[in-house]
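First comes the structure, then the notes that go with it.
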Amino acid sequence: MNTNYPEERPGYIPEYAVKKNALLRSIFDLSTNAQRMLAMALARLPKEPKTPEDYRVKFSVSDFFKTFGIERGTNTNRLILNASDECASSVLKIESPDGDELQKFPWLSECTLRKYIVFIPDRETHVSKLNYHEDNAKTVKNPPALYQWDTVVMEFNPKLWETLKEFKGWSTVELNVLGKLQSKYAIRFYEWAMSWKGKAGKDGNPPGKYWFEMRLADIREKLAIPKSKYKAVKEFKRNVIKLPIEELNNADIGVRIDIAPFKRGQGVKLDLIRFDVTLYTPGKEKPANKTTPEELTEDTLIEQYRDIYQPAYDLEKETRIQQSLFAEHPRLLEPLARQAGLNAVRAHIKATQKKRGRPRKARCENEGTP
């Protein structure tokens with residue numbers, strides 16, 4: 001983070017914000033532009049604020065638009081006002097390191113917008129439009145004035161930062177990436193992926209690759225999505241997980257996320273999802289979807305090719321039961337039936353690749369949902 005404010009370094013625009021991983025994984029609901037506004041302010045906040053002045057930052061609205069690729073228009077005043085209102089009123093929730101407490105904090109103790117006066121041409125005399133700063137407004141008699149927001153001033157909550165000292169781990173969030181992502185959920189998935197970046201190349205992960213997993217209920221909680229919204233599981237997965245991740249993968253931001261669902265035992269409802277993350281250099285060839293049996297985990301193969309797996313699994317199990325095999329050891333049936341199902345899936349993929357002359361694109365676990 002940078003301690004030099006815009007007024008000290010004119011034209012300086014930070015490229016990234018450094019955030020505590022606990023902050024990235026906390027519970028809150030903010031729109032896309034509100035998340036961008038907070039990130040813009042956090043990029044100017046010292047990494048470890050010490051004095052009251054350290055918690056107070058400001059940036060120009062024009063720099064905000066430039067950073068996130070937003071063009072001024074008739075609704076940009078409203079955009080700034082709405083985003084700042086959200087930031088000022090939003091409360092985030094953080095679990096204590098030991099998990100015994102759920103602490104709630106407002107992000108900010110103050111949020112101020114400063115105006116820039118814009119005078120409209122006189123329609124009768126067709127006078128050219130004049131722009132004046134607020135200090136010079138008194139030099140014009142009865143001007144038909146409108147305003148634009150010029151500066152955003154934010155003061156972060158010191159109590160929140162005191163609490164964050166209890167947590168370890170920092171991550172970098174690139175501001176230009178937030179400008180490329182339009183979905184508020186896509187931004188959260190990007191930040192979650194960044195919060196686990198330290199696992200890349202460690203604990204058995206290849207260089208530039210790692211994973212994290214979340215339960216559906218945890219995703220709903222961290223995004224503060226009420227139970228009344230997206231009641232159907234398919235609808236929730238499509239709108240909250242599948243579509244935002246597709247947007248993220250198509251944005252060429254240097255991060256790719258592949259969905260790898262898990263299922264814990266037969267008859268257990270799917271609720272845990274593994275997210276495989278691949279880092280790459282933006283502008284170069286993006287990582288391809290996993291397409292071969294060797295690249296996919298067995299659980300992923302089962303879920304993505306359930307229509308091929310299940311009949312083979314059931315047939316193998318039924319055949320061995322009819323033959324009275326393993327009657328004394330019924331638990332041995334499960335791995336044999338599972339292997340038969342996987343063999344059928346791999347044979348199907350191999351035949352499809354041979355027929356088409358190219359690898360089959362792996363299907364998302366939600367593909368085909370409305």
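Cα-Cα over 28 Å: which of Lys184/Lys227; Lys19/Lys199; Lys20/Lys58; Lys202/Lys317?
In this structure, Lys202/Lys317 lie more than 28 Å apart at Cα.
Kindly provide the trypsin sites (Lys or Arg not before Pro) of region 71-114 that DSSP labels as loop, not H, G, I, E or B, and whose Cβ sees at most 12 other Cβ atoms within 10 Å.
Arg72
For region 189-262, with every protein chain kept in place, what is the accessible area per residue (1.4 Å probe, Å²)?
Roughly 46 Å² per residue, with all protein chains present.
Bin width 5 Å, alpha-carbon pairs only: give the P(r) of region 139-236 as whole percents, running from 0 to the bin holding the largest distance.
Each 5 Å bin holds this share of Cα pairs: 2, 8, 11, 13, 18, 15, 10, 7, 5, 3, 3, 2, 1, 1, 0.
Just grab the label-to-label distance for Asp85 and Asp54, each label 7 Å out from Cα along the Cβ direction, in nm (one decimal).
The two pseudo-label positions are separated by 3.4 nm.
For the cross-link pairs Lys165/Lys242; Lys93/Lys229; Lys209/Lys229; Lys168/Lys229, which exceed 24 Å when the distance is taken from alpha carbon to alpha carbon?
Check vs 24 Å cut-off fails for Lys165/Lys242; Lys209/Lys229; Lys168/Lys229.
Hand me the chymotrypsin sites (Phe, Trp or Tyr not before Pro) from region 1-110 located in a DSSP loop with no more than 14 other Cβ atoms within 10 Å, in residue order please.
Answer by residue number: Tyr12.
The values are calculated or read from the model by the stated rules, or taken from the named source; none is laboratory data. Model, not experiment: these values are computed from the prediction. Ideal geometry is used to build each Cβ from the backbone, glycine not excepted, and the neighbour counts take in all protein chains shown. These accessible areas exclude ligands, DNA and RNA; they are computed on the full protein's heavy atoms, side chains included. Shrake-Rupley method; radii C 1.70, N 1.55, O 1.52, S 1.80 Å.
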